[in-house]
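Colleague: Here it is: the structure, laid out below.
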Ligand SMILES: [Mg+2]
């Protein structure tokens, strides 16, 4: 995923936005995801004609968040695979019995 994003940024996107801009964009995209969640799973009601395909909207907004996360990881030298693996290991070890009843 990170390579695909980098390829697009380098060839079509004309380079990365600054880290601060991408942080703002991550917040924006997270808000868009929250907007869909609030209307599909929460108590908010979509306006007429809005969210005609909630599943597609949800998928797109999750992908938008992932895209910006890939940008931030790429420009700060973070491997999302390594970071995820480390987090998974931590959760497996630290939380081994945490949620057992
Ligand atoms: Mg979006």
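Computed from the coordinates by the stated procedures, all read-outs in this text should not be read as laboratory data. Because the structure is predicted, anything quoted here is derived from the model rather than measured. Cβ sites come from the backbone with ideal geometry, for glycine too, and all protein chains shown count toward neighbours.
Colleague: I'd like to compare 64-74, 40-50: which one has the highest average count of other Cβ atoms within 10 Å, and what's the full order after that?
Modeller: Peptide ranking by packing, descending: 64-74, 40-50.
Colleague: Taking the mean number of other Cβ atoms within 10 Å as a proxy for protection, how do you rank 78-85, 24-31 from highest to lowest?
Modeller: 24-31, 78-85
Colleague: Can you tell me the Rg and Dmax of region 23-79, counting just the alpha carbons, in angstroms?
Modeller: 13.2, 43
Colleague: Diagonalise the Cα gyration tensor of the chain and give the resulting equivalent ellipsoid semi-axes, square root of 5 times each eigenvalue, largest first, whole Å.
Modeller: Working from the Cα gyration tensor, I get semi-axes of 27, 25, 11 Å.
Colleague: Can I ask one more? Cβ neighbours within 10 Å, averaged per peptide: list 9-16, 91-98 in order, most packed at the top.
Modeller: Working: 9-16: 11.1, 91-98: 8.6.
For the peptides 9-16, 91-98, the packing ranking is 9-16, 91-98.
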